[in-house]
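Only the coordinates and a few stated rules stand behind these numbers; no lab work does. All of these numbers come straight from a predicted model, not from anything done at the bench. For neighbour counting, all protein chains shown are included, and Cβ atoms are generated from backbone atoms with ideal geometry for every residue, glycine included.
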Amino acid sequence: MRVMMPFAEWFDAAAGMPSAGSLRISEVFAIAVCRIEEATRSRSVDPVRTLSNSASEGSRKATKSMLRQLNFNDVQVRVMQRILAGSSSGWPGMIRLYLAGEELAPAQRSYLRRQIRQFIAETAGRCSRA
């Protein structure tokens, strides 16, 4: 049996920068696990996709609502959905990479860092607008 490090630690190591705290990644991961477990109970063909912005309407709304409870704005919610569940552009998402025990390729790490910077820029922008 493979012992996995906690998701937030793995996330920071994969990104090559400490960002999990500023993204509230431990809380986001807990939400993701809850949504994936619910999708699994509902016999979803792809439970991770439940987190995705492109998932079916009801599950997407539930995930978005849960992420908004962390005081994320709409841009941050979309970024977090891409980071975790992947995108149609071929990014597999951190959940799938974590479960597969894969290391990020340089292009994947670059993509992840762009998403992290976008998320953090939204946080800074919101603070300066307040």
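Values computed for the structure shown
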item: Which labelled figure in (i) 14.2, 49; (ii) 13.9, 42; (iii) 21.4, 55 is Rg and Dmax of the Cα atoms in Å, once derived from the coordinates; result: (i)
item: Residues Ser110 and Val75, FRET efficiency given R0 of 25 Å [Cβ-Cβ distance, rounded to 0.05]; result: 0.80
